[in-house]
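Chemist: Let me begin by handing over the structure; questions about it come next.
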Amino acid sequence: MHQEHLHRWQHQHDFSTANAHGERRTKYVLILTAVTMVAEITAGTVFGSMALLADGWHMGTHVAAFMITIFAYRYARKHADNPAFSFGTGKVGVLGGFASAVALAVVALMMLVESLQRLASPQLIQLDAAIAVAVLGLVVNIISALLLKDHHSHQHQDGDDTHQQTGEGHRDQNLYAAYMHVLADALTSLLAIFALLSAKYFGWYALDPVMGIVGAAIITYWAIGLIRQSSPILLDGGMSDYYQEQITRAIEEDADNQITDLHIWKISEHDYAAIISLVTHHPRPTDYYRSLLADFNWLSHLTIEVHRCEDNRLTESGIK
């Protein structure tokens with residue numbers, strides 16, 4: 001058999017998320033955040049402002065998260081055809097999103113600890129400097145959110161067809177995690193501005209650490225949501241029972257086919273792989289069974305195993 005003709009029966013394994021636009025915008029956000037971080041740390045050191053220093057180092061955690069996002073894009077692209085990855089690098093972006101979600105949870109924990117310490121031991125706040133820092137952070141994060149939100153919206157629209165077919169929407173988990181980092185920082189800035197203005201005009205100094213606790217709780221909730229979205233994909237979680245039943249019906253309503261083993265799992269943010277074993281009295285070529293599943297176009301990697309049944313007790317109504 002000539003090697004050049006084998007491609008007909010070979011699978012392609014490049015399921016990485018090609019998102020050049022999202023990667024480019026993440027770079028812009030990384031640069032913007034890094035410049036703000038350096039400016040705040042430098043100004044905080046020169047002017048002796050703890051508020052500036054604290055927010056500058058807080059920005060540093062988001063710089064790290066954006067670097068994870070960009071690294072995941074580049075790694076997935078570079079190793080897309082690497083045979084060491086059995087089903088390609090489609091999950092690298094999901095892993096990047098998971099790592100960023102964990103980082104987001106760590107940020108929330110740091111906020112909670114610091115807020116509890118300040119609640120127990122109130123500290124003098126340089127209100128004007130702190131308000132200026134919070135406003136600067138909010139402006140930077142609004143710009144960053146607009147950069148990432150625009151592309152996230154397009155990704156959602158592009159996924160509508162898959163969402164309708166599988167009942168499970170998909171998004172670029174890697175980019176979405178970066179977007180959530182920006183939202184978390186914007187929320188922190190908003191809560192801080194509210195608390196600091198309350199302290200300046202009404203003397204409600206205790207509201208500052210309280211808002212920190214509220215922000216930590218909300219960010220933790222977001223982080224848990226991101227982890228719940230990405231972890232099933234990383235753990236080869238299956239799809240809904242309803243769609244497994246649809247696939248089973250498509251096979252078993254033809255002739256006397258009976259599925260004996262069915263595995264369906266995600267191999268990227270919007271691609272599924274399936275291994276199907278079936279038994280029948282009248283085996284046909286595997287291409288025929290593939291044609292029965294032609295409408296399930298999100299099955300990007302399909303393996304079908306066909307067994308001839310020699311037992312006459314297998315009928316169209318099943319094994320008796």
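The values are calculated or read from the model by the stated rules, or taken from the named source; none is laboratory data. In this text, all values refer to a predicted model and were calculated from it rather than measured experimentally. Don't worry about glycine lacking a Cβ; one is built from the backbone with ideal geometry, like all the others, and counts go over all protein chains shown. These accessible areas exclude ligands, DNA and RNA; they are computed on the full protein's heavy atoms, side chains included. Shrake-Rupley method; radii C 1.70, N 1.55, O 1.52, S 1.80 Å.
Chemist: Pull up all non-local amide H partners of residue 305: gap of 5 or more, or a different chain, and H-to-H distance under 5 Å with H placed in the peptide plane.
Modeler: HN-HN under 5 Å from residue 305: 276, 277, 278.
Chemist: Further question: Can you tell me the relative contact order of the stretch 199-320? Whole percent, Cα pairs under 8 Å, sequence separation 6 or more.
Modeler: Relative contact order for the stretch 199-320 comes out at 20 percent.
Chemist: Quick one: pull the percent of accessible area on the stretch 57-123 belonging to carbon and sulfur, 1.4 Å probe, ligands and nucleic acids left out.
Modeler: In the stretch 57-123, the share of accessible area belonging to carbon and sulfur is 69 percent.
Chemist: Using each residue's phi in the stretch 70-75, evaluate 6.51 cos²θ - 1.76 cosθ + 1.60 at θ = phi - 60° and report the 3J(HN,Hα) Karplus result to the nearest Hz, with x for Gly and Pro.
Modeler: Result, ordered by residue: 5, 4, 4, 4, 5, 5 Hz.
Chemist: Roughly speaking, what is the stretch gain from residue 35 to residue 119, that is 0.36 nm per residue apart minus the C-alpha to C-alpha distance, in nm to one decimal?
Modeler: 27.1 nm is the gain from fully extending residue 35 to residue 119.
Chemist: If you take the beta carbon distance between residue 294 and residue 249 as r and set R0 to 22 Å, what does 1/(1 + (r/R0)^6) give as a FRET efficiency, to the nearest 0.05?
Modeler: Efficiency computed from Cβ-Cβ geometry: 0.95.
Chemist: Per residue of the stretch 220-235, what does 6.51 cos²θ - 1.76 cosθ + 1.60 with θ = phi - 60° give for ³J(HN,Hα)? Whole Hz please, x for Gly and Pro, Karplus curve as stated.
Modeler: 4, 4, 5, 4, 5, x, 5, 5, 5, 6, 8, 4, x, 5, 5, 9
Chemist: Still on this structure, please answer the following. Using a 1.4 angstrom probe, figure out how much accessible area the stretch 187-250 has per residue, in square angstrom, rounded to the nearest whole.
Modeler: Heavy-atom accessible area per residue stands at 54 Å².
Chemist: Something else now. Straight-line reach from residue 78: which lysines fall under 24 Å, measuring Cα to Cα and dropping same-chain residues less than 8 apart?
Modeler: 27, 91, 266
Chemist: So what are the ³J(HN,Hα) numbers for the stretch 285-302, from phi and the Karplus equation (6.51, -1.76, 1.60; θ = phi - 60°), rounded to whole Hz, Gly and Pro as x?
Modeler: With coefficients 6.51, -1.76 and 1.60, one gets x, 4, 4, 5, 5, 4, 5, 5, 10, 4, 6, 8, 6, 7, 7, 7, 9, 10 Hz.
Chemist: Any chance you could run the full-extension gain for residue 241 through residue 67? It's 0.36 nm times the residue separation minus the Cα-Cα distance, nm to one decimal.
Modeler: 58.9 nm
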